[in-house]
């Protein structure tokens, strides 16, 4: 993929921010193409998929949002979040599960979540749709809220690495540049499969049923089984910890 930062596009660092996604989206809406990334040590209103809150304490976590100006009006935006997740996972030596969660590497026995990606489209003043992609990583969080303790883990526990948020950020940005252009699922599939841990994972389908994943289809859709039925969906909520 094309570099996020260059001489005309900078990264801004915050000690604390409500949401890196919301902050960066505001820059995009104002036409500020000079700001392409926001990194924060803490988010007080971090957002995840399906309207969930993302836990981002000031100690031991990375909160990073990227404005991908070179991918304005990209014809296949559904693959951008997957490509960013792939680049981040490869850079941090993690595994991935559909569609864009980071988990311990395949050799690790656990399947708790250590990071995630939130991809949104934001309209700039020229009415172009700019992908704004948020990346949250539990680097070395020591105290998760009780409701997250059965489903979350950290990069340190999963890989043994000790990274600062800025070190992790640099790795991720470098890793993204090594990912093929996200034109279709085929462009990503081979490398994704090398670190994929989707099979066997539970997902909540749009109709509310809980299905067990069997793999990823030719168009990047989730293939799963529920009540003896094979289903293919483009959206589903990954369940970590208890299925209910």
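Bear in mind these aren't lab numbers, they're just calculated from the coordinates by the rules spelled out. As the structure is a prediction and not an experimental result, all values here were calculated from the model. When we count neighbours, we look across all protein chains shown, and the Cβ atoms used for this are built from the backbone with ideal geometry, even at glycine.
Overview of values
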{"item": "Ranking of 133, 226 by count of other Cβ atoms within 10 Å, fewest first", "result": "226, 133"}
{"item": "For peptides 121-128, 27-34, 209-216, sequence by mean Cβ density within 10 Å, most packed first", "result": "209-216, 27-34, 121-128"}
{"item": "Rg to Rh, two decimals, where the chain supplies the alpha carbon set and Rh follows Kirkwood", "result": "0.95"}
{"item": "Sorted by Cβ density within 10 Å, fewest first, the residues 74, 192", "result": "74, 192"}
{"item": "Among 193, 171, 230, residue whose mean-square fluctuation peaks in a GNM of the chain (springs only between Cα atoms under 10 Å)", "result": "230"}
{"item": "Kirkwood estimate for the stretch 1-46, i.e. one over the average of 1/r between Cα atoms, Å", "result": "11.0"}
{"item": "Span from the the stretch 134-190 Cα centroid across to the the stretch 1-72 one, whole angstrom", "result": "15"}
{"item": "Computed over the chain: relative contact order in percent, which uses C-alpha pairs under 8 Å that are six or more apart", "result": "18"}
